[in-house]
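Q: Provided herewith is a single structure, encoded as structure tokens, for subsequent inquiry.
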Amino acid sequence: MTPRQTVTMVVTSVAGTGLLAGLVAVQAGVALHHWIIPLMGDGVGMNLPTAALSVYDPQRLTLLALGGLVIAVAGGLLPATWAARTDTATALRSE
């Protein structure tokens, strides 16, 4: 494989995981937000309006989910460039 193909292969392998992690994390964060904020309001004796819970619009949620993809790709670039510069046997042995 050429170095460019190696970098592409490594980055592609982490991109799917990053996108899935971003999607799961955003859903978990919104669920946690909808659970914790009413508890905090009840703790101080306040009834919070629904506007206090609906703070994320779909565009922001999409950007947050894509953040997982960006972080994964950024984290995969260093090992990908290392694997592209070393010989194949060394890269596979350290895998």
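The values are calculated or read from the model by the stated rules, or taken from the named source; none is laboratory data. The structure presented is a predicted model; accordingly, all values stated were derived computationally and were not measured. Glycine also receives a Cβ, built like all others from the backbone with ideal geometry; neighbour counts cover every protein chain displayed. SASA here: full protein model, heavy atoms, side chains in, ligands and nucleic acids out. Shrake-Rupley method; radii C 1.70, N 1.55, O 1.52, S 1.80 Å.
Q: For a quick check of your reading of the model, give me the residue pairs whose first member lies in segment 47-67 and is under 19 Å from Ala21 (Cβ atoms) and in a loop (DSSP other than H, G, I, E, B), whose second is of a type outside the set (D, E, K, R) and open to solvent by 70 Å² or more (accessible area, probe 1.4 Å), with beta-carbon atoms closer than 9 Å and at least 6 apart or on different chains.
A: Every condition considered, the pairs that remain are Tyr56/Leu64.
Q: List the residue pairs whose Cβ atoms are under 6 Å apart, where the first residue sits in segment 26-42 and is closer than 15 Å to Gly68 by Cα, the second is not small (Gly, Ala, Ser), and the two are 6 or more positions apart or on different chains.
A: Sorted first by the residue in segment 26-42, then by its partner, the pairs are Val26/Leu61; Val26/Leu64.
Q: Here's another thing I want to ask about it. Tell me, please, whether a residue that is open to solvent by 40 Å² or more (accessible area, probe 1.4 Å) and in a loop (DSSP other than H, G, I, E, B) can be found in segment 33-45.
A: yes
Q: Limited to segment 63-84, what total is found for residues that are open to solvent by 90 Å² or more (accessible area, probe 1.4 Å) and either more than 30 Å from Met9 (Cβ to Cβ) or among the aliphatic types (A, V, I, L, M) (or both)? If you could, list the steps in order and put the result at the bottom.
A: Step one: list which residues in segment 63-84 are open to solvent by 90 Å² or more (accessible area, probe 1.4 Å), which gives 63-64, 70-71, 78, 82.
Adding the requirement that they be either more than 30 Å from Met9 (Cβ to Cβ) or among the aliphatic types (A, V, I, L, M) (or both) leaves 63-64, 70-71, 78.
Final tally of qualifying residues: 5.
Q: Filter segment 1-22 down to the residues that are among the hydrophobic types (A, V, I, L, M, F, W, C) and open to solvent by 90 Å² or more (accessible area, probe 1.4 Å), then identify the one that is farthest from the chain's Cα centre (by Cα). Give the derivation first.
A: Step one: of segment 1-22, the residues among the hydrophobic types (A, V, I, L, M, F, W, C) are 1, 7, 9-11, 14-15, 19-21.
Applying the additional criterion that residues be open to solvent by 90 Å² or more (accessible area, probe 1.4 Å) yields 1, 9, 20.
On the way: Met1: 28, Met9: 19, Leu20: 7 Å.
Among residues in segment 1-22 that are among the hydrophobic types (A, V, I, L, M, F, W, C) and open to solvent by 90 Å² or more (accessible area, probe 1.4 Å), the one farthest from the chain's Cα centre (by Cα) is Met1.
Q: Which of (1) closer than 30 Å to Val10 by Cα; (2) in contact with a helix residue (DSSP H, G or I) (Cβ under 7 Å, 6 or more places away or on another chain) does Arg60 not meet, given it meets every other one?
A: Every listed condition holds for Arg60 apart from (2).
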